[in-house]
Amino acid sequence: MATTFKKHNPSLKTNNDTGFGSNANDYGGRFINKDGSFNLRREGMPFLRNISIYQKLLNLPISKFIGAIILFYITANLLFTTIYLIIGANQLQGINAVDAWTTFKQVFYFSTETFTTVGYGRVNPLGDAANIVASFEALSGFLSFAIATGLIYGRFAKPKSYLLFSDKALISPHQDKTALMFRFVTYKDNHTLTNVEIKVNIALRIENNGHSTYNFYDLALERYKVDNLPMNWTVVHTIDENSPLYGFTEEDMVAADVELYVLVTAFDEVFSTPVLRRTSYTYKEMMFDAKFVPMYRESDDGRTTILEMHKLNEVKILKHRN
């Protein structure tokens, strides 16, 4: 952690409803990760009680989700293949292997056909043991594919905000004052959010009577709500006498371990449900004396507006700082 910041305005009203504690010595790193997840790891509970497999699979990145499905499918069939080999491949009619590897492959393929209930018919169980295992495997296949179907539907049907935030928050001249600014945008075609509201809190590490604590403040914004969000929205907080950042330098930002907590809520017309998105900016992700480059322009034929998504993080330096 940075050196504790001592200069602050005691007349400012703190926000005690953020859900975060105030003891600075018990925190590690940022409060909110850039992807909106809380920078928190729970300990002290039994593993099986602490984890939700279904919820975990719903929130896995798509590449890891596909990998988990393939891994489960291969592992399940390897398990049943091993059971068939233990009870004896002679209880499977149609196995015409001449060596152990070929036997293993044919039994594995029989397992996949049984698991998926395809059942081509060339290999079939003969003895009671093989028939019992095959029946349980078929049941396991039905249940597994039912769960996988529910997961796939849940992932596709899960409401998402589809918002992208600028990598940096800027502290720069705005009109006749200085302001803190960042911007965000929806990145899906034909996916417009309505009744979009934003709330921004700031955390400052303050020294009070020799004890370091975090104080949280609501930031007054130029605009808290827009009816629709077809384009980008630049969020502006004017740094004046009523701002907790009034008089801050870059060194003060570091000393106060500044972090912005951003919460966006909106109504999604596609899913017909409310959605939300969180993110944060630490002092390392704040830039002084820069200005965002406009993200939109008129089309060549003059009939529409082009939103240039690749310019979300593009800034213009206003002056060089020593």
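The values are calculated or read from the model by the stated rules, or taken from the named source; none is laboratory data. Just so we're clear, the structure is a prediction, and the values are computed from it rather than from any experiment. Reconstructed Cβ throughout: ideal geometry from the backbone, glycine too, with neighbour counts over all protein chains shown.
For this structure, a couple of remarks:
- Candidates in the range 295-304 are the residues that are surrounded by 11 or more Cβ atoms within 10 Å (Cβ to Cβ) and either outside the structural domain of Met231 (by TED's automatic domain parsing) or of a type outside the set (A, V, I, L, M) (or both); of these, the one that is farthest from Val254 (Cα to Cα) is Arg297.
- Residue ID - nearest to the chain's Cα centre (by Cα), chosen from residues in the range 116-140 that are more than 18 Å from Ile87 (Cα to Cα) and free of Cβ contacts under 8 Å to residues at least 60 places away in the same chain: Thr116
- Checking each residue in the range 212-253 for being of a type in the set (D, E, K, R) and farther than 21 Å from Val264 by Cα picks out Asp240, Glu241, Glu250, Glu251, Asp252.
- Qualifying residue in the range 190-201 (condition: surrounded by 15 or more Cβ atoms within 10 Å (Cβ to Cβ) and either over 32 Å from the mean Cα position of the chain (by Cα) or without any contact (Cβ under 8 Å) to a residue 60 or more places away in the chain (or both)): no
- Every test in (1) in contact (Cβ under 8 Å) with a residue 24 or more places away in the chain; (2) closer than 25 Å to Leu143 by Cα; (3) among the β-branched types (Val, Ile, Thr) is passed by Thr82 save one, and that test is (1).
- Residues satisfying the stated conditions in the range 203-213, i.e. surrounded by fewer than 21 Cβ atoms within 10 Å (Cβ to Cβ) and in contact with a Phe, Trp or Tyr (Cβ under 8 Å, 6 or more places away or on another chain): Glu207
- Considering the range 28-63, and only residues there that are of a type in the set (D, E, K, R) and surrounded by 13 or more Cβ atoms within 10 Å (Cβ to Cβ), the residue that is nearest to Thr116 (Cα to Cα) turns out to be Lys34.
- Selection of the range 192-222 for residues being assigned to a loop (DSSP other than H, G, I, E, B), closer than 19 Å to Arg278 by Cβ and out of contact with any Ser or Thr (no Cβ under 8 Å at 6 or more places or on another chain) yields only Leu221.
- Of the criteria (1) of a type in the set (Ser, Thr, Tyr); (2) under 23 Å from Lys34 (Cβ atoms); (3) buried (at least 21 other Cβ atoms within 10 Å of the Cβ), which one Tyr217 fails: (3)
- Unmet requirement for Ile69, which otherwise passes all of (1) loosely packed, with under 12 Cβ neighbours inside 10 Å; (2) in the same structural domain as Gly141 (by TED's automatic domain parsing): (1)
- Any hit, the range 297-312, residues being at pLDDT below 95, of a type in the set (Lys, Arg), out of contact with any His (no Cβ under 6 Å at 6 or more places or on another chain) and more than 30 Å from Asn190 (Cα to Cα): no
- Failed criterion for Thr117 (all others in (1) at pLDDT 90 or above; (2) touching a helix residue (DSSP H, G or I) at 6+ places or on another chain (Cβ under 7 Å) hold): (1)
- Applying a threshold of 8 Å to beta carbon distances and a minimum spacing of six or more residues, or different chains, the list of pairs starting in the range 59-74 at a residue that is on the phi < 0 side of the Ramachandran plot and ending at one that is assigned to a loop (DSSP other than H, G, I, E, B) reads Ala68/Leu60.
- Within the range 83-114, the residues that satisfy the criterion of being modelled with pLDDT of 90 or more, more than 45 Å from the chain's Cα centre (by Cα) and among the hydrophobic types (A, V, I, L, M, F, W, C) are Ile87, Leu92, Ala100.
- In the set Ser272, Ser280, Ser299, only one residue is free of Cβ contacts under 8 Å to residues at least 60 places away in the same chain, among the polar types (S, T, N, Q) and within 30 Å of Phe156 (Cβ to Cβ); that residue is Ser272.
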